[in-house]
Structure formats: C-alpha cells, structure tokens
Amino acid sequence: MAEATRTTGTILDRIVADRRLRLAEDRRATPEAALAERRAALLGVPVDFARRLIEGRRATPAGARLRLIAEVKRASPSRGVFAPDLDAAAQAGEYAAAGAAAVSVLTEPAFFHGSIADLRAARAAFDADPDRPALLRKDFVFDRYQVLEAAAHGADALLLITALLTAPALTELIAFAREQGLEPLVEVHDAPELEHALRCGARVVGFNNRDLRTFAEDLGTTERLAPLAPAGTVLVAESAIKSAQDARRMAAAGVHALLVGEALVTTGDVRGKARELMLVDNTDASNDTDRNQQRRRA
C-alpha cells in the first residue's frame, strides 16, 4: 500500500506516529500466519455489524428507539484516565446484559490504555453465543495487518477514520476489511469527509461530535451531517452523548445507533444508563425480563 495516512494537524498525528512503531513490533511478535491460526481457533460465528445496528439483538430491551454501541474505554486524550482498573471482559458482559447491539473495544495503548488483549477477552466472554453483541475494534487503522489482527482477535467490525486516511488507502481498507468479513465503521467530521467516505464505499458512517483540534463537543455535527447521508446508509452518532436528552437529539437527526464510552464506564448503573440512551420507555421496565426470556426460548 502506498502512503496510507495524511497529516491532519491534530492529535491523530501523534497517535499514528506511536502506532507505527508499535505496529512494527507487533508484526515481528505475531506474523500473519500466526494471526490466521488464531482466527481459525475462534469460537462461534461472525456477527453482521450493520444488521445488529438496525435490528438489535434478542436481548435488546423492548421499545428501544436507538441501538447502542457500548465502549470498553479506560482513558482518552481529552479526559485523561478515568477507569484504570476496567476489566474488558466483565465490562463487555455488562453491556451485553444491558442489551447493547455492539461493543466497541479501544485497543490503542498509549493514549487510551487499551490493548488487543482487551478485544480478545471481550470476544471470549461471549463464547459461542449467537445473540452476542457485534464487536468493533476501535483504533487508528492504516495498515492491512491491523485488519487481519482485528479479525484474528474476534472483531466483526473496525473503525476507519476518514480524516486520517488518503483516498486510495480508505478505499482499499474498506474493501479489504470486507474481504476479511469485517464491516468498517467509517468516521467523518464534516460534509466533505462524508462525501469522501461514501465515494470510497462506506456503508456504516459514524459522525464524530468531537473536534479533534480543540476537543470541543457539538451534537450539532451529527444534526448537520445525518440528513446529507443517502438512504440505506447506517448512521452512528459518536461522542458527547451523555443523557436521554442528547439521545433524543440524535434520534431526531435520524441516526440508528449511538457509540458511547465514558458515560457508560463511569456510571454506577450500566443497565439503567443503557436504557436511558436507547430511549427505552421506563414503563416497560418491569416486563423486560419476561420478554427477553420468551425471546431466548423462541
């Protein structure tokens, strides 16, 4: 692949510089043949990420208006470290029990304190459950090796950041990810990036409500961009979503799903916060357990 990344003038440049060094180490430690062996040993079958974001799971609460991509996240450049002792498998299990359609696992170590082991642990937590959440590898992907690594450790999808990648690289990585059975979540920040992502083949688009230059948050980003996406595109709102009021704004904008990390990690009630963000009518709460048991028996 020709030069895959471009200079952005944001923190992405620092993260990618560090990621390149670690990528070289990862290639030496785990060659592609070893990744293929690890993937072959995975239990269960892949999950259709886009379908999960539209249809949800049997465990999704009845009446949920939005699907939830719940994130395993210990830290971020904008917030620092807020969950240093987070256990990836346990957190993913809580998200699944709360009805999340997907679990996002941050695997970037230097700035987000994640690792590929977190992705592997999250996948192992679900064993071969056919109703498990889809797993998204969230990282700064610019090389085919990272796609193979994601698949080998149990991902069903991975993040591709439009601002980070050249047009040929984005097109190639979208196609290569699909060849490996992964659906890319293609992140955009403005209208030109959205148009660019769609030209490159994006089917699932994430609108990042955080400005990577200033870290300022603005839900208006999704509200401005979502109406520009063509019918049939699966739309995800990312960042700055903390409450039911925020979720209602995103639902009104037309998104199908929310990607939420910090608000879920720091809450003392994952199930309650997940229901709030999925816009579940609380009057249905007492009936959820019975409904889900009936679905599992069906």
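The values are calculated or read from the model by the stated rules, or taken from the named source; none is laboratory data. These numbers were taken from a predicted model, which means no experiment stands behind them. Note that we place each Cβ from the backbone using ideal geometry, even for glycine, and neighbour counts take in every protein chain shown.
Below are the figures for this structure:
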item	result
Residue tally, condition aliphatic (A, V, I, L, M) and part of a helix (DSSP H, G or I), over the range 131-180	12
Subset of the range 1-15 (residues that are under 16 Å from residue 147 (Cβ atoms), among the hydrophobic types (A, V, I, L, M, F, W, C) and buried (at least 17 other Cβ atoms within 10 Å of the Cβ))	4
Of all residues making up the range 67-93, the number that are surrounded by 20 or more Cβ atoms within 10 Å (Cβ to Cβ) and within 20 Å of residue 156 (Cα to Cα)	10
Hits in the range 182-215 (condition: β-branched (Val, Ile, Thr) and touching a strand residue (DSSP E or B) at 6+ places or on another chain (Cβ under 7 Å))	186, 188, 204, 205
Tally, over the range 208-242, of residues that are aliphatic (A, V, I, L, M), surrounded by fewer than 18 Cβ atoms within 10 Å (Cβ to Cβ) and part of a helix (DSSP H, G or I)	1
Yes/no for residue 118 being within 27 Å of residue 256 (Cβ to Cβ), more than 12 Å from the chain's Cα centre (by Cα) and modelled with pLDDT under 95	no
Filter result for the condition that a residue is in contact (Cβ under 8 Å) with a residue 24 or more places away in the chain, in contact with a Lys or Arg (Cβ under 8 Å, 6 or more places away or on another chain) and not polar (S, T, N, Q), over 121, 152, 169	152
Residues located in the range 1-26, provided they are charged (D, E, K, R), within 11 Å of residue 164 (Cα to Cα) and assigned to a loop (DSSP other than H, G, I, E, B)	6
Which listed residue is modelled with pLDDT of 95 or more, in contact with a strand residue (DSSP E or B) (Cβ under 6 Å, 6 or more places away or on another chain) and within 18 Å of residue 136 (Cα to Cα), from 39, 52, 57	52
